[in-house]
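Quick note: the coordinates plus some simple rules give every number you see, no bench work behind them. Remember, predicted model here, so these are calculated numbers, not experimental data. Reconstructed Cβ throughout: ideal geometry from the backbone, glycine too, with neighbour counts over all protein chains shown.
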Amino acid sequence: MKGQAFKRLTNCAGRRQSPSQGGARTYGRGFSGVTQMAKNIGHHAKPAGSRTPIPRRFLLRAGAGTLLAAPAIIGHSASAEENAVYVNTWGGSWTAAEDVAFYKPFTAKTGIAVKTVAPMSYAKIKAIVQSGNYEWDVSGGTNVESKEAQRLGLLEPIDYSVLHRENIPEGNIVGDQIAGVALSTCLVYRKDKFPNGGPQSWADFWDVKRFPGARCLYNRPYTVLTYALLADGVPPDKIYPMDLDRGFRKLDQIKPHIKVWWEQATQSQQLIEDGEVDMIGMWNARAQELINRGVPLEIVWNGNENSMAYKFVLKGTPRAKQAWQFMEFIAQPEPQAKFCTLMSYGPSNPKAFDMISPEAAKRMPTNPEYQKLGVSPNGDWLAPRMAELRERFAQWLES
Amino acid sequence: MAGVVAAAQPAASWQAPAIAVPQAKIPWLLLVPACALLILLFVLPIGYTLLLSVTEPYLSLAHFQRIFTVPLYRRVMVNTFVTSLLVTVCCLLIAYPIAYVIARRDDWLSRILLVAVMLCFWTGFVVRTYAWMIILGNKGPVASMFTLLGLGPPPRLLFTSFASALGMVHILLPFMVLTLYGVMQRIDPHFSRAAASLGARPTTAFLHVYLPLSLPGVINGGILVFTICLGFFITPALLGSPRDMMISQLINQQIQEMLAWGFASALAVVLITATGIVLAIYNSLAGLDRLWG
């Protein structure tokens, strides 16, 4: 079994390498590499972190002083003249799908190279805009994180001399953000652990007597608070405005049973695939990918958290022109259909469904049946409260 | 005391020979690159951290007040020190017999042990941490053993403080063994034999002769392991749970998730100060120049 694990480790290393042959690619650097090492449990560590572990440790040992200076010393800032766009992305299968659906066709069409930095870091956006040291130009997030970034003034206003408004479907432009794909964070359980049917709702997830087993949740405050309130009997349409105290009280009950709080999607996949946990709240397409690979999982759509992922350009980037060309390209039906066929998320461009088979469309979060069962995070309510909520959640987690 | 010593020595019995020392300025210039590097890589960043800790977002000592008054942060501090101490003691207890055997014997056993320790030392600690994740994981050998022996499902091992302490002990053990070995190697074996010839039993000879002579190694190794442990990050982050967070994890979280650079800097200042105090105590007891044996 140990050997198997090691084999998978090497397999993954190989998988990670392969996209780099397709196009120029950069990975997380500076201190983010170290953190992500820590966050990517298992074999999905960033190569940047594993390549030079020892100097990194000395960096850390020398104290945050070196840490703070690290971006200035080793951070890269590609020049404005460079005909490229730098994209912050989730890594793993998400980035692989983007490579096929977005990056390669875009480069083929425009000659602009796409370089990726993984995994995602929302916190770093602020540091990048403030320091003017553009490690990436395009980022994204759910309607909550995007709205928060917009509120904080971190988004570049849309350049309509490059991006043609008529090419973007009505309603897909929100402020300076452009809708990408719809995604759901669902309850997923191992069928081999619960052969007679597993948990069918968040109330079941909270029921540790009827459904014993190791549990795992996403380390994202509003998502798990939504689950807690649903488990506590709050109707889906009454989740927002959120009763935070009630949510945290309900979370207190499940906390001892949560084996680990995942932070990177690849980590969530590894935990459920290896049977390290028996039930988990994770992204639907990441679970679907495992099911396609033969892992015995069941996706429970009841109580899914259904959100729209937006993309945006970082304020002040010297490569804004290239970035807006990229933004327009990925909003088109064909790239979106291609991406959503590879990762079963839902396209925001309705025309994309013309190129998607009805069976595939059924598995997407855009399926009206699933939408009925889900809750969408309320960006207007959450965005101004995110900083406070994140802090409170972190303190709760560590206490 | 010093006066007595001075008075006992014949005053001015020795004078510097009158050799003209050349006005050597060039050798000092050779130090410039090294000094510049130290200033650039250590003095400036640490100074900047210190500055940030009291100026970000505005001039105040509020961050430090928060560290020492919010129970959660106090607990992280205490946890960091207690864990470091525990890891140091465990390392010492395991490393001492290993180093003793390596230093005292010159046969296949000592060579195998030395090679094992060196292999451990030169294997990246990240790799070793991941190895522990596999060993302690649900499909790892420990879990298989439980199933094989019919003991039912194994207890939760991964993502606990036990796993995190185990990983740190394993990773820091070579430091302790090598430091102890360095000191023990230089202890003259004749001393123990002399004690025995004077009628001391092996235990007495060890306790009264060998142990005191190896004490510098114990202190050096302890200081080394303890200070490394204070700033340890990856292993507790990967193997532990959020509940037994160490200070470096808190610093990382504040920077990466909260973007609270000021607070993170204040935490870093506390960590640097704590490490400095430990080293200062050591310096006054033994002298920092002896840290590596």
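Structural remarks
- Whether the range B:112-192 is rounded, prolate or oblate, judged on the alpha carbon gyration tensor where a/c under 1.5 counts as rounded: prolate
- Spherically averaged projected area of the range A:229-387 from its Cα convex hull (nm²): 11.8
- Radius of gyration and maximum dimension Dmax of the range A:315-382, Cα, Å: 15.0, 44
- Computed over chain B: relative contact order in percent, which uses C-alpha pairs under 8 Å that are six or more apart: 26
- Sorted by Cβ density within 10 Å, fewest first, the residues B:His63, A:His257: A:His257, B:His63
- Kirkwood radius and radius of gyration were both taken over the C-alpha atoms of the range A:264-323, and their ratio Rg/Rh is 1.18.
- Rounded to the nearest Hz, the phi-derived 3J(HN,Hα) couplings of the range A:172-179 under the Karplus curve 6.51 cos²θ - 1.76 cosθ + 1.60 (θ = phi - 60°) are 8, 9, 10, x, 9, 9, 10, 4, where x marks glycine and proline.
- Percent of Cα-Cα distances greater than 24 Å, calculated over the range B:141-293: 56
- Using alpha carbons only: equivalent-ellipsoid semi-axes of the range A:165-230, gyration tensor based, whole Å: 36, 14, 9
- Diffusion constant of the range A:88-247 at 10 °C, which comes from Stokes-Einstein with the Kirkwood Cα-pair radius and 1.306 mPa s, µm²/s: 83
- Of all the options B:Leu267, B:Leu30, B:Leu85, the one that moves most in a Gaussian network model of chain B with Cα springs shorter than 10 angstrom is B:Leu30.
- Sequence of B:Trp28, A:Trp262 once ranked by neighbouring C-beta atoms within 10 Å, starting from the fewest: B:Trp28, A:Trp262
- Taking B:Thr227, B:Thr49, B:Thr123 as the candidate residues, the one with maximal mean-square fluctuation in a Gaussian network model of chain B, Cα springs under 10 Å, is B:Thr123.
- Only Cα pairs under 8 Å and 6+ residues apart enter the sum, and on that basis the relative contact order of the range B:138-242 stands at 43 percent.
- In chain B, taking the dipole from charged Cβ atoms about the Cα centre, the farthest positive-side position among B:Val70, B:Val89, B:Leu157 is held by B:Leu157.
- Relative contact order (%) - criterion: Cα under 8 Å, at least six apart; region: the range A:204-314: 32
- Modelled label reach - A:His257, point 7 Å along Cα→Cβ, the range A:200-227 residues with backbone N closer than 11 Å: A:202-216
- Kirkwood Rh, Cα atoms: Rg over Rh of chain B: 1.07
- Chain B: DSSP helices with Cα axial extent of at least 20 Å and average Kyte-Doolittle hydropathy no lower than 0.5: B:71-104, B:108-122, B:161-184, B:211-230, B:261-285
- For residues of B:45-55, the mean tally of beta carbons on other chains within 10 Å: 4
- One quarter of the surface of the convex hull around the alpha-carbon atoms of the range A:231-284 equals 4.7 nm², the direction-averaged projected area.
- Max mean-square fluctuation residue, GNM over chain B, Cα-Cα springs under 10 Å, options B:Leu29, B:Leu279, B:Leu239: B:Leu29
- Taken over the range B:222-293, the convex hull of the Cα atoms encloses 100 Å³ per residue.
- Expressed as a whole percent, the proportion of Cα-Cα pairs in the range B:46-147 lying more than 20 Å apart is 70%.
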